[in-house]
Amino acid sequence: MYIFQVAALLIAFLYYGNAQTSTVAVNPTIELSADGLKQLAAIVAPVFHPSRGSYFSLNLFSGFPEDLEVSDYCVELLAIFGQRYSTYVTCLVSAARPVKVCQNCYGSYDNLMDIYTNISSDQMGPGNVSCRDSLLRSDRLMLVFLLYNNLEDIWTGSECNSCVSLGLHSLTNDTLYFMATLNQSLRCFEKFQQGNHSALCKECKATYRGLNELYSRMEKNRTLCIDIEDSRMFLSSPCPASCSFCPSSST
């Protein structure tokens with residue numbers, strides 16, 4: 001955040017050797033910190049007198065205006081953004097297999113979206129300060145925007161809004177019901193997995209068919225997200241070919 005001040009001081013030191021200066025005692029105990037840099041700038045700037053042949057002038061210092069500095073309020077918002085960004089990414093990684101990025105991470109995404117909305121808003125915060133320009137537009141890379149946009153693309157590409165209620169407060173009823181039916185089918189398969197599968201084909205048939213019918217309705221109503229799509233593919237693996245209702249069966 002103090003890169004402009006540091007750059008200005010470096011330029012000042014380059015000129016210092018060729019400049020016509022007065023003798024000034026510099027305190028060697030000044031720390032390389034925000035306050036220390038300001039103290040050093042206060043010492044160097046007053047004694048800087050460029051020679052006539054210099055190609056530069058003190059106008060260089062006007063290229064680092066004070067209004068480009070990030071306020072304490074914006075620094076605080078940036079820190080919160082970083083914490084919530086990290087929390088959401090950690091959730092995504094842990095929910096990668098089996099895919100549960102919508103079920104497990106909608107809360108952390110909601111928190112991230114809230115702080116980004118605060119940062120990108122043109123409304124003034126404490127001290128009549130808006131952080132939109134200083135945090136989103138002050139660098140050519142627009143790093144904060146890119147970081148948020150990349151995670152938003154993951155959320156959108158996963159169709160998580162189809163499985164989460166408006167306001168991102170909970171999963172939809174359809175999603176909860178599908179997951180409950182899915183778990184019931186998985187428990188049935190696990191219970192009757194051993195043996196000749198005749199019991200499995202009999203006992204698990206109704207639950208499995210009900211699950212597929214529910215999936216078809218949700219697909220038609222466009223209420224599927226990546227969690228549901230992936231879970232249905234996962235469910236096909238324990239379904240034995242000897243059962244007529246299994247996808248791998250020839251009947």
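Taken together, the residues in the stretch 144-166 that are over 18 Å from the mean Cα position of the chain (by Cα) and without any contact (Cβ under 8 Å) to a residue 40 or more places away in the chain amount to 2. If you go through the stretch 122-142 and keep only what is without any contact (Cβ under 8 Å) to a residue 40 or more places away in the chain and of a type in the set (S, T, N, Q), you end up with Gln123, Asn128, Ser130. In the stretch 106-131, the qualifying residues are those that are among the hydrophobic types (A, V, I, L, M, F, W, C) and touching a Ser or Thr at 6+ places or on another chain (Cβ under 9 Å), and the one that is farthest from Leu176 (Cα to Cα) is Val129. State all residues of the stretch 134-155 that are surrounded by fewer than 14 Cβ atoms within 10 Å (Cβ to Cβ) and assigned to a helix (DSSP H, G or I); if no residue qualifies, say none. Matches in the stretch 134-155: Arg137, Leu143, Leu146, Asn149, Asn150, Asp153.
Could you please let me know if Arg84 is under 21 Å from Cys225 (Cα atoms) and basic (Lys, Arg)? For Arg84, the condition - under 21 Å from Cys225 (Cα atoms) and basic (Lys, Arg) - is not met.
Across the stretch 163-184, the number of residues qualifying as open to solvent by less than 30 Å² (accessible area, probe 1.4 Å) and part of a helix (DSSP H, G or I) comes to 5.
The residues of the stretch 120-133 that are open to solvent by 30 Å² or more (accessible area, probe 1.4 Å) and of a type in the set (A, V, I, L, M, F, W, C), listed by number, are Met124, Val129. Scanning the stretch 185-219 for residues that are of a type in the set (S, T, N, Q) and open to solvent by 90 Å² or more (accessible area, probe 1.4 Å) yields a total of 2.
Residue pairs whose Cβ atoms lie under 8 Å apart, sitting 6 or more positions apart in sequence or on different chains, and linking a residue in the stretch 203-214 that is more than 18 Å from Glu190 (Cβ to Cβ) to a partner that is of a type in the set (Phe, Trp, Tyr) and open to solvent by 30 Å² or more (accessible area, probe 1.4 Å), are Leu214/Tyr177.
Take the stretch 67-89 and flag every residue that is under 10 Å from the mean Cα position of the chain (by Cα) and surrounded by fewer than 15 Cβ atoms within 10 Å (Cβ to Cβ). If the condition is that a residue be under 10 Å from the mean Cα position of the chain (by Cα) and surrounded by fewer than 15 Cβ atoms within 10 Å (Cβ to Cβ), then Gly82, Gln83, Ser86 are the ones that fit. Only a single item in (1) out of contact with any Lys or Arg (no Cβ under 9 Å at 6 or more places or on another chain); (2) hydroxyl-bearing (Ser, Thr, Tyr); (3) surrounded by fewer than 18 Cβ atoms within 10 Å (Cβ to Cβ) is not met by Ser244, and it is number (1).
Residues in the stretch 90-119 that are among the hydroxyl-bearing types (Ser, Thr, Tyr), open to solvent by 30 Å² or more (accessible area, probe 1.4 Å) and in contact (Cβ under 8 Å) with a residue 24 or more places away in the chain: Tyr106 only.
The values are calculated or read from the model by the stated rules, or taken from the named source; none is laboratory data. Remember, it's a predicted structure, so these values are computed and weren't measured experimentally. Don't worry about glycine lacking a Cβ; one is built from the backbone with ideal geometry, like all the others, and counts go over all protein chains shown. The protein model used for the area step is the full one, side chains on, heavy atoms only, and it has no ligands, DNA or RNA in it. Shrake-Rupley method; radii C 1.70, N 1.55, O 1.52, S 1.80 Å.
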